[in-house]
Amino acid sequence: MYQLHYWPTIQGRGEFVRMALEYAGVEYADVARADEKDGGGEDALMKAMNRKDLVYPPFAPPWLEAGDMVIGQTANILLYLGRHHDLAPHDEAGELWTHQLQLTIADFIVEIHDVHHPIGAGQYYEDQLDEAKRRAGDFRKHRVPKFLGYFEKVLDRNPASSGCLVGDKITYADLSLFQIVAGLRYAFPKLMRAIEKKYPKVMALHDRIEAQPRITAYLKSDRRIPFNKEGIFRHYEELDEAAGT
Ligand SMILES: N[C@@H](CCC(=O)N[C@@H](CS)C(=O)NCC(=O)O)C(=O)O
């Protein structure tokens, strides 16, 4: 059985892996989410991170333990899951294209995070509020349209015209794009209400993923951690407007 190692109280980057595991119907242990008495909790994650016996140590959570392998980097974990659970095409070009889309999503995730922490991830939000406001204006005006516009274009150009990003089947990249839309709606509700209609294919893909039976069940379950102010997607009233500056 797979062991997912990630922070126990946030969706964060771990959620992109959880979405793939849940959609594939794969059994996994979300290690740090177990009770402390059963070896879970943040301490367990810290302990796992400080393991001295790992010859190939991951840089940061999430990582996935699959048999003897310890696989770090969200996009790399998804590359692995895509291959083993039919969540991506099996030909080289299709596999790389899906991975490329995921790496672009990874870039977007960094920018989404940096809106509320533009100066330092380890510093309090309140201590970088002015910079966060400036960053948020630029993010809303330039970066959200650029990324969402890109994915709309990819959906539009998919030769299979399937409504999915790659070929005619749901891949982990589609699951990740769902999570991006869900997160942006939570963090920037005013902005999203104002701009969503410009990206009809992205929004339709979100709805289609949400309606997949295993995903619907997962989203209703207590395995899905609610969005909160510690994750990557954070709702701060002062960072959300219908437009950018
Ligand atoms: N590029 C890595 C980034 C991993 C990462 O930044 N993880 C965060 C949690 S979402 C973390 O714990 N970072 C600790 C740090 O950067 O010091 C990935 O996509 O998995």
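The values are calculated or read from the model by the stated rules, or taken from the named source; none is laboratory data. All values derive from a computational prediction rather than experimental measurement. Don't worry about glycine lacking a Cβ; one is built from the backbone with ideal geometry, like all the others, and counts go over all protein chains shown.
Checked against the criterion of being within 20 Å of LEU239 (Cβ to Cβ) and at pLDDT 95 or above, the range 150-170 contains not a single residue that satisfies it.
From the list ILE195, ILE209, the one residue that fits, being more than 16 Å from the ligand (Cβ to nearest atom) and touching a Pro at 6+ places or on another chain (Cβ under 9 Å), is ILE195.
Please verify whether PHE16 is of a type in the set (Phe, Trp, Tyr), surrounded by 20 or more Cβ atoms within 10 Å (Cβ to Cβ) and either touching a residue at least 12 places away in the same chain (Cβ under 8 Å) or within 22 Å of LEU175 (Cα to Cα) (or both), treating the condition exactly as stated. The answer is yes for PHE16. Confirm whether ASP207 is part of a loop (DSSP other than H, G, I, E, B), without any contact (Cβ under 8 Å) to a residue 24 or more places away in the chain and not small (Gly, Ala, Ser). Spelling it out, it is not the case that ASP207 is part of a loop (DSSP other than H, G, I, E, B), without any contact (Cβ under 8 Å) to a residue 24 or more places away in the chain and not small (Gly, Ala, Ser).
For the range 229-239, the criterion of being under 25 Å from GLY120 (Cα atoms) and hydroxyl-bearing (Ser, Thr, Tyr) is met by at least one residue. Applying the criterion of at least 1 residues that are more than 13 Å from the ligand (Cβ to nearest atom) and at pLDDT 95 or above to the helices (runs of 4 or more DSSP H) found wholly in the range 11-85 leaves 14-24, 74-84.
Please tell me if HIS99 is at pLDDT 95 or above, within 13 Å of the ligand (Cβ to nearest atom) and in contact with a Leu (Cβ under 8 Å, 6 or more places away or on another chain). Lay out the reasoning, then the answer.
Values: at pLDDT 95 or above: yes; within 13 Å of the ligand (Cβ to nearest atom): yes; in contact with a Leu (Cβ under 8 Å, 6 or more places away or on another chain): yes.
Spelling it out, HIS99 is indeed at pLDDT 95 or above, within 13 Å of the ligand (Cβ to nearest atom) and in contact with a Leu (Cβ under 8 Å, 6 or more places away or on another chain).
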